[in-house]
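Each value in this text was obtained by applying a stated rule to the coordinates, not by laboratory testing. Given the structure is predicted, the values throughout are model-derived calculations rather than measurements. Neighbour counts are summed over all protein chains in view; Cβ atoms, including those assigned to glycine, are modelled from backbone coordinates with ideal geometry.
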């Protein structure tokens, strides 16, 4: 008998909750409408732009493609304009002069496993300054990208496996602005979970309006890539990520 009473009581409570839901919703709508009308900026929904690549394919292995030149005749970059500095040299009394013997304050930076030269500045095709140096470490390789040039190294020996070559090499035969109007500012990333390399740069006939993205088909940065061209519009999105 007690079970029946409990079931009946539960049903009554559920019915009461259900009949109250529309009223709660209507009250919430009314409050939300009042808040939006009082402060339209606060009530504005964020805009999300979704798009698809306008061109895509899969490249041959990059190591088998024609390596575009990255080196240009060596010349010094334009000198920066002189800026007057009015200051007086005085000792900085806040600089730490000694290191305590305590283990917590001792230098704990580990030594580098490998140290080797990367691309030199004259290897930047556009002779740009600063070079926007970017690099990433994979399972067996290290890839360095400097503006419009890239190079693949064996991360154990430091030996060059590919390059230095022009970043345009990766988009050879792809067509469009990615192949013919690449503007550099590239980014290289390594996905440890998928064992894939991701290389991107922006491109455009006059203003960089497109983003070119290449995803390796294997964990070898000298192999083939799935290539994509995304048109972002008429604005210039500087150094996109």
What FRET efficiency would be calculated for the residue pair residue 88, residue 126, taking the C-beta separation as r and a Förster radius of 51 Å, to the nearest 0.05?
-> 0.80
Report, in whole Å, the centroid distance computed from the Cα atoms of region 132-177 and region 196-233.
-> 13 Å
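What list do you get for 50, 188 if you sort them by fewest beta carbons within 10 Å?
Working: 50 4, 188 22.
Lowest to highest Cβ neighbour count: 50, 188.
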Subtracting the Cα-Cα distance from 0.36 nm times the residue separation, let me have the gained length for residue 111 to residue 239 in nm, one decimal.
-> 42.9 nm
Put in order of increasing Cβ neighbours within 10 Å, starting from the fewest, 126, 178 give 126, 178
